[in-house]
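The values are calculated or read from the model by the stated rules, or taken from the named source; none is laboratory data. As the structure is a computational prediction, the values presented were derived from the model and not from experiment. Reconstructed Cβ throughout: ideal geometry from the backbone, glycine too, with neighbour counts over all protein chains shown. Note: accessible area is taken over every heavy atom of the protein model, side chains too, but ligands, DNA and RNA are not part of it. Shrake-Rupley method; radii C 1.70, N 1.55, O 1.52, S 1.80 Å.
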Amino acid sequence: MWQPDCMVVHLPDPDSARGWCAEQRAAGRSIGFVPTMGGLHEGHLSLVRRAVAENEITCVSIFVNPLQFNDPGDLASYPRNLDDDIRQLQDIGCDMVFTGTFEQFFLDVESPEDIVQRDPGPGADGVEGAGRPGHFAGVATICERLFKVVGSARTYFGEKDFQQTLVVKDLARALGYPEIVVCPTVREPSGLAYSSRNVLLTDSERERAACISRALFSARHAWHQGECEAGKLREVMLRELDVDGIDVEYAELRDPHDWRPEAPAGSLVRAQALIAARIGKARLIDNLRLDRGA
Ligand code: AMP
């Protein structure tokens, strides 16, 4: 008999996860789903807590998807700690976690080269998509597989990966499911957004990395003071990012409702500020909606 408070179930292959989710749905239970690559932190856990609160059953996937890494060094150094991840999920009431090998997720292809990747749509254009060719096609390809495993479910993503939310919303529209729920970015006390890659930072790099969120919040402050010129807002961000050891890849402004690859000229009516920077061994991204909050 089903017991809501029992141990988290770990299913080590997507096929068993598909069966488990189908059984839950057949029993009439609502499912919340949180796709992750593991290395869990408070950002991930906030998504899982929300899924637990809003659904009868919550499942989480942990799969480091090689298709979305355009840098082999980044893939090799990506933090992996499955036992610790499962323990954290158990503590907050997650019901099932599934994992799988690359081959198990792509049973229908002989080798990775045979995979026909999904077109990630217009949300992938520019900014993060420009600097990481193939990244969002890899995201869309694995998300389609993950969505097909879990089926119709409320599926939770973090605003921390803003462009990813555009890509998965497009994908969900095309497939007809799942419902996508976008959750706010969770930050360390310094303002630094939680990220699995933060463990790659030394203490001093971690302190300096806080300039990324400072830059975003300074731009938001400037917006609320009446500044809505993209170029001026960008200058505000670059001033904060001028810190030793911070290598800025981009600091950009976009209209979040009218996503275009090229930077908008002149005044904005809505603004999403987005930053990517390298610090030590880590490449960090963050973003903030400027025309919200104080
Ligand atoms: P990842 O394991 O990096 O693929 O992230 C899994 C999910 O957690 C994605 O939807 C991310 O956007 C979300 N996420 C990552 N970091 C944060 C954060 N600091 N706050 C909220 N959500 C996050």
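Data table
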quantity: All positions within the range 263-294 that are touching a Ser or Thr at 6+ places or on another chain (Cβ under 7 Å) and either within 17 Å of Arg239 (Cβ to Cβ) or hydrophobic (A, V, I, L, M, F, W, C) (or both); calculated: Leu284, Asp286
quantity: Considering residues of the range 180-194 that are open to solvent by less than 20 Å² (accessible area, probe 1.4 Å) and in a loop (DSSP other than H, G, I, E, B) only, the residue nearest to Met37 (Cα to Cα); calculated: Leu192
quantity: Enumerated strands (runs of 3 or more DSSP E) restricted to the range 1-106, each holding at least 1 residues that are within 14 Å of the ligand (Cβ to nearest atom) and of a type in the set (Val, Ile, Thr); calculated: 31-36, 57-62, 96-98
quantity: Residues of the range 116-136 satisfying the condition of being of a type in the set (A, V, I, L, M, F, W, C) and either open to solvent by less than 20 Å² (accessible area, probe 1.4 Å) or under 22 Å from Gln272 (Cα atoms) (or both); calculated: Ala124, Val127, Ala130, Phe136
quantity: Residue within the range 36-58 that is on the phi > 0 side of the Ramachandran plot and either charged (D, E, K, R) or in contact with a Phe, Trp or Tyr (Cβ under 9 Å, 6 or more places away or on another chain) (or both) present; calculated: yes
quantity: Residue within the range 200-218 that is more than 24 Å from Val52 (Cα to Cα), in contact with an Asp or Glu (Cβ under 8 Å, 6 or more places away or on another chain), hydroxyl-bearing (Ser, Thr, Tyr) and at pLDDT 95 or above present; calculated: yes
quantity: Selected residue (only one of Gly93, Gly28 is assigned by TED's automatic domain parsing to the domain that holds Glu179, over 19 Å from Phe136 (Cα atoms) and surrounded by 14 or more Cβ atoms within 10 Å (Cβ to Cβ)); calculated: Gly93
quantity: In the range 245-260, the residues that are touching a helix residue (DSSP H, G or I) at 6+ places or on another chain (Cβ under 7 Å), part of a loop (DSSP other than H, G, I, E, B) and on the phi < 0 side of the Ramachandran plot; calculated: Trp259
quantity: Exclusive hit being outside the structural domain of Pro264 (by TED's automatic domain parsing) and over 15 Å from Pro261 (Cβ atoms), set Gly151, Gly129; calculated: Gly151
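Rundown of residues vs (1) open to solvent by less than 60 Å² (accessible area, probe 1.4 Å); (2) closer than 17 Å to Thr36 by Cβ; (3) within 13 Å of the ligand (Cβ to nearest atom); (4) part of a helix (DSSP H, G or I), yes/no style:
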residue: Phe157; (1), (2), (3), (4): yes, yes, yes, no
residue: Val167; (1), (2), (3), (4): yes, yes, yes, yes
residue: Asp170; (1), (2), (3), (4): yes, no, no, yes
residue: Ala174; (1), (2), (3), (4): no, no, no, yes
residue: Glu205; (1), (2), (3), (4): yes, no, no, yes
residue: Ala210; (1), (2), (3), (4): yes, no, no, yes
residue: Ala215; (1), (2), (3), (4): yes, no, no, yes
residue: Ser218; (1), (2), (3), (4): yes, no, no, yes
